[in-house]
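The values are calculated or read from the model by the stated rules, or taken from the named source; none is laboratory data. Treat the numbers as computed from the prediction; the structure is a model and nothing was measured. All Cβ positions, glycine included, derive from the backbone under ideal geometry; neighbour counts span all protein chains shown. Keep in mind that these areas ignore ligands, DNA and RNA; they rest on the heavy atoms of the full protein, side chains included. Shrake-Rupley method; radii C 1.70, N 1.55, O 1.52, S 1.80 Å.
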Amino acid sequence: MKRLNFTLDNSTVDLLQELADKFYSGNKSQTVRAALESLASHQGHDGWVITGYTPLRIDHDVACHTCGNEQAEGNVLFKPVFERGNSPKAIEHIPSEEWVECPMCVEKSS
């Protein structure tokens, strides 16, 4: 995690707070991340962006990628759907680890 210091005008601060409260339990960091991911998925980008999730009944114990909570075999988790960017090297950088999200984390990111 890295701390950034920048200035926002009052209407942007109000909008950030409103969106954070409405969708992310007041978490401004998650709100900014979701906004950047949305922007990247609609603009040209070089990497990979999560554009949605598909449900997956897991066949072994696994941890949620975001919160790290252990999930038992048989639980329904969510696998991210990635959209490839414009870079010819993007294919080399798609996440290769097992990546599943618990329902609570998917709900927070939607």
*Among 89, 28, 79, residue whose mean-square fluctuation peaks in a GNM of the chain (springs only between Cα atoms under 10 Å)*: 89
*Solvent-accessible area, 1.4 Å probe, carbon plus sulfur percent, for the stretch 25-110*: 51 percent
*Kindly report the accessible area of the chain per residue (heavy atoms of protein chains, probe 1.4 Å, no ligands, DNA or RNA), in Å².*
74 Å²
_From the helices alone, meaning DSSP H stretches of at least four residues, give me the mean residue ellipticity at 222 nm for the chain, per-run term -39500 (n - 2.57), in deg cm²/dmol to the nearest 500._
-10000 deg cm²/dmol
*the stretch 10-30 and the stretch 92-110: distance between their alpha carbon centers, rounded to Å*: 22 Å
_Amide H partners (placed H, <5 Å) of residue 53, local residues excluded_ = 81
*Among all the aspartates and glutamates, which ones have a C-alpha under 18 Å from residue 2's C-alpha, if same-chain residues fewer than 8 places away are not counted?*
37
_What is the angle, in °, between the Cα long axis of helix 28-42 and the longest principal axis of the Cα atoms in the chain? Nearest 10 is fine, range 0 to 90._
80 degrees
*asked:* Between residue 73 and residue 107, how high is the FRET efficiency from 1/(1 + (r/R0)^6) when r is the Cβ-Cβ distance and R₀ = 25 Å? Nearest 0.05.
replied: 0.70
*Rounded to 10°, Cα long-axis angle of helix 10-23 versus longest principal axis of the chain*: 30 degrees
